[in-house]
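Please treat every number below as a calculation from the coordinates, not as lab data. Keep in mind that this is a model prediction, so the values were computed, not measured. Cβ atoms come from the backbone with ideal geometry, glycine included; neighbour counts cover every protein chain shown.
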């Protein structure tokens, strides 16, 4: 037996002045199933909540319809009231008669009619709402960090504590990643404090278990309960974690792929990374051991081919000027670029001269010098002869990214980097809850941005995976009726979260409720009508639809 | 053409953008005709093509589906699915003799109260010109 209570909130003068509440109360009291219909001055107030709780208990109400403000404002408030009164909160329907009725309808009569219509529809819908149970799930708070570069190190240090263990996996023999081969950083600060000290701290930290020369072979499970397999020396270690942070960084485009740069064909043509390594060794020299008197820095190598700007090359090239001039202050440096994208750090530098080009035509060797022929920005043919050429190749995704993405079940973007869930709303999360991305794995980034992202990831994890606290997965999820499912897998193809899997044994699809976010896309895609989107079932929506359009048809049916 | 006629519009609004945009219109006290009957869904991709057809058969003069702008979907790409289904429904309506102008898909973000008001006003005026939905209440499915 359904015992429905209808309560209309006056919301101070907000609703009371615009809508004739008494007539609505009178009108709805006669609807079958409605046990009580009353008005109250302010339901969300302390007294209002007590009043509601009392009324629920007193009248043994099973369903609740509240005519008040937007669910976006107070749905949570009333969910809590229902819970405290011992009623299932999913049997409560909050009808928006303030924002979308009282406040936007100029005429009192029309507003009253609209409000009545909405409330009647709410009553029709609530009869078909089902009680849903919240689930609570034990979670593991440990973290797997893939990649021991600057981003991975920072994330590990932020997260490791006595209550939370971090497993840090690095495929190389040493931690530190790409940055450890740099002598200085264009953002300022020195590498020693930025990387070396972090490495030491990580190695000293008893709550961080470091796996070097290792690779993650498999990650199974979902947020709060992942199982990862880490391979080291052909031995597999299995660890249980609550979240996974992917910080595997990036690699550089191979200029050898473009013949005109003659990389690997002529001597004294280096990539930016080779210059960094050479500089770490003490000197930047030509193959014959002498210091270069003239250098050409060629920007945007591979930019055309890859189709995007890697945005930090211009900035870090400024640092090469310092490297070269430190040893030989008269060295002549030419910058050839297609598009310049410098950050605030280099904008003020007067000592760098640049030439805009539209194409490099050819690089040849003439009497020991590299002769570069290029077209200027306005199409003139010019050339320059130098001792050394430094190529700045675009940053591209690491070689193992496609396999890693397939293993983790997360998508890549058009450039081949890991795709964030939302560029503005959720920039470090991925489509799979509990898998986060930080640093260059998501696209070219400077160190500042990488560190910012690792802190963002740490923040996300610290506020969601709390030791001793259970997880509350989404309740309004989709459910596939096994008896109706034909196994066509349409739902599987439309799900953005990988929440639906195909059960081969039974030939049907199954929703993983832990991964489902409750958008309902699969429910409207299913050709067999086998999918129910809980709390937004087709039946509930039809009830609402019928009642808003054709009053009382649904009511009569139920009487 | 009857100026007094207020068409019945069923609006399927996505919870995250358009419903919030409608709320904002109310909070900003933007006044509009009471033609809209809102049905809140979590995502515009929840709108089953059947909902649209049923709404027209049940007596709606127009059906509005509103979701987040392309690229802004709370569920990553639900609005793209909504857009595809909408295109399908439109050609289906045309083929089966409905008036496809009676359905509309709009993108309204949570910050676009004014856009929401304009959408409702424009659609209402368009439907006023079209007159009552002749397919209404002819068939019940």
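The figures follow:
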read-out	value
Part-to-part distance (alpha-carbon centres) for the stretch B:61-116 and the stretch A:34-48, which is given in Å	36
Helix A:150-159 vs. chain A, principal-axis angle (Cα, 0 to 90°, nearest 10)	40
Within 10 Å of each Cβ in B:26-37, the average number of Cβ atoms from other chains	6
Sites residue A:220 and residue A:257 - FRET efficiency at Förster radius 35 Å, r taken between beta-carbons, to 0.05	0.45
Whole-number percent relative contact order across chain A, with pairs defined as alpha carbons under 8 Å at least 6 apart	13
Percent of beta bridges antiparallel (DSSP, the stretch A:253-395, rounded to nearest 5)	45
Computed lengthening from residue A:376 to residue A:193, 0.36 nm per intervening residue step minus Cα-Cα distance	61.7 nm
Cβ-Cβ FRET estimate between residue A:231 and residue B:50, R0 fixed at 60 Å, reported to 0.05	0.75
Chain B - percent relative contact order, Cα under 8 Å, separation 6 or more	39
FRET efficiency, 1/(1 + (r/R0)^6) with R0 56 Å, evaluated for residue A:365 and residue A:466 via beta carbons	0.35
Where a label projected 7 Å from the Cα of residue A:32 along Cα→Cβ would reach, residues of the stretch A:126-157 with amide N under 16 Å	A:126-128
Contact order normalised by residue count of the stretch A:107-248, Cα under 8 Å, 6+ apart, percent	28
Beta bridges per DSSP with both ends in the stretch A:185-343, % antiparallel, nearest 5	70
Whole-percent pair-distance distribution, where bins are 5 Å wide, for the alpha carbons of the stretch A:478-534	4, 24, 39, 24, 8, 1
Principal axes of chain B: Cα extent on each, largest first, Å	37, 32, 19
Separation between Cα centres of the stretch A:85-114 and the stretch A:170-191, rounded to whole Å	59
Order of A:463, A:526 under a 10 Å beta carbon neighbour criterion, fewest first	A:463, A:526
Net length gained if the chain between residue A:400 and residue A:481 were fully extended (0.36 nm per residue, minus Cα distance)	25.3 nm
Two-site label geometry, residue A:354 and residue A:422: point separation in nm, points 7 Å out along Cα→Cβ	3.5
Antiparallel content of DSSP bridges confined to the protein assembly as shown, in %, to 5	40
Degrees, to the nearest 10: A:538-549 long Cα axis against longest axis of chain A	60
Shielding by other protein chains, A:91-101, mean Cβ within 10 Å	3
Ranked list, fewest to most other Cβ atoms within 10 Å of each Cβ, for A:170, A:366	A:366, A:170
Footprinting exposure proxy for A:62, A:248, A:237 (fewest neighbouring C-beta atoms within 10 Å first)	A:237, A:62, A:248
Sum of -39500 (n - 2.57) over DSSP H runs of 4+, divided by residues of the protein assembly as shown (222 nm, nearest 500)	-9000 deg cm²/dmol
Shape box of the stretch A:232-356 [Cα atoms, principal axes, largest first, Å]	58, 34, 31
Taking all pairs of distinct alpha-carbon atoms in the stretch B:53-100, Kirkwood radius in angstrom	11.9
Gaussian network model of chain B, Cα within-10 Å springs - most flexible of B:12, B:98, B:116	B:98
Cut-off 18 Å, label 7 Å out along Cα→Cβ of residue A:174, residues of the stretch A:200-218 by amide N	A:200-204, A:210-214
Cα gyration tensor category, rounded, prolate or oblate, for the stretch A:346-461 with a/c compared to 1.5	prolate
Rounded tilt (10° steps) of A:313-327 against the dominant C-alpha axis of chain A	30
Pairwise Cα inverse-distance average, inverted: Kirkwood Rh of chain A (Å)	28.3
